[in-house]
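The structure appears below as structure tokens.
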Amino acid sequence: MLAVLAAACTLEGKPLRAGVAKADVTPPAGEHMWGYAERQTPAQGTLDPLYARVLVLEAADERLAWVDLDLGRPFGPEPLRRLRETARKSNQITHLLVQATHTHSGPVVMDAYQNEAPAWEAAAIAKIEKAIDE
């Protein structure tokens, strides 16, 4: 994707523009942790904050938002669909890449939850949307 953006700049003679932002996506204490399946109790606090780091690249008519999460895995299909849609409407993002560092010290993230997604997840998505907007 980066090569495509760079090629678009070269072909059209337009500059490659970049922007970065960071959002704290640390959930509150009380969430179960990703890498501790044997542990029956939730996290009691936070040692280090968890971040979503965002890189937005623009070349010609293409915009890429690259989101790196300090989580065990990326969010499920529905939150990612919402993020992609909002980024496209608000910032004309044509490509969205979301990856996770695969930390085992972050909260549990699932494709689908038995009941509803935890509140911290929706809050994190909103913070990521704002970071892309910056």
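Within the group A100, A124, A117, A87, which residue is aliphatic (A, V, I, L, M), surrounded by fewer than 18 Cβ atoms within 10 Å (Cβ to Cβ) and out of contact with any Cys (no Cβ under 6 Å at 6 or more places or on another chain)? Quick ask: steps written out before the conclusion?
Details: A100 fails: surrounded by fewer than 18 Cβ atoms within 10 Å (Cβ to Cβ); A124 fails: surrounded by fewer than 18 Cβ atoms within 10 Å (Cβ to Cβ); A87 fails: surrounded by fewer than 18 Cβ atoms within 10 Å (Cβ to Cβ).
The conditions single out A117.
Just to check your reading of the model, which residue among Y51, Y36 is surrounded by 14 or more Cβ atoms within 10 Å (Cβ to Cβ), among the hydroxyl-bearing types (S, T, Y) and more than 24 Å from N91 (Cβ to Cβ)?
Numbers: Y51 fails: more than 24 Å from N91 (Cβ to Cβ).
Of the residues listed, the single one that is surrounded by 14 or more Cβ atoms within 10 Å (Cβ to Cβ), among the hydroxyl-bearing types (S, T, Y) and more than 24 Å from N91 (Cβ to Cβ) is Y36.
Do we have any residue at all in the stretch 76-83 that's crowded, with 17+ Cβ neighbours inside 10 Å and within 14 Å of the chain's Cα centre (by Cα)?
Here is the first cut: in the stretch 76-83, the ones crowded, with 17+ Cβ neighbours inside 10 Å are 79, 83.
Pick out the ones that are also within 14 Å of the chain's Cα centre (by Cα) and you get 79, 83.
Taking every residue of the stretch 76-83 in turn, at least one turns out to be crowded, with 17+ Cβ neighbours inside 10 Å and within 14 Å of the chain's Cα centre (by Cα).
Within the stretch 17-28, restricting attention to residues that are among the aliphatic types (A, V, I, L, M) and surrounded by 14 or more Cβ atoms within 10 Å (Cβ to Cβ), which residue is farthest from P118 (Cα to Cα)? Give the derivation first.
First pass over the stretch 17-28, keeping only residues among the aliphatic types (A, V, I, L, M): 18, 20-21, 23, 25.
Still in the list and also surrounded by 14 or more Cβ atoms within 10 Å (Cβ to Cβ): 21, 23, 25.
On the way: A21: 24, A23: 18, V25: 13 Å.
Ranking the qualifying residues of the stretch 17-28, first place goes to A21.
Could you figure out which of (1) in a loop (DSSP other than H, G, I, E, B); (2) surrounded by 16 or more Cβ atoms within 10 Å (Cβ to Cβ); (3) at pLDDT 90 or above; (4) among the acidic types (D, E) isn't true of E31?
Every condition holds for E31 apart from (3).
Just one of the numbered conditions (1) polar (S, T, N, Q); (2) over 28 Å from G19 (Cβ atoms); (3) not in a loop (DSSP other than H, G, I, E, B) is not true of T86; which one?
(2)
Scan the stretch 4-22 for residues that are among the charged types (D, E, K, R) and at pLDDT 90 or above and jot them down.
Taking the stretch 4-22 first, the residues among the charged types (D, E, K, R) are 12, 14, 17, 22.
Matches in the stretch 4-22: R17, K22.
The values are calculated or read from the model by the stated rules, or taken from the named source; none is laboratory data. Bear in mind that the values here come from a model prediction, so they are computed numbers and not experimental data. Neighbour counts are summed over all protein chains in view; Cβ atoms, including those assigned to glycine, are modelled from backbone coordinates with ideal geometry.
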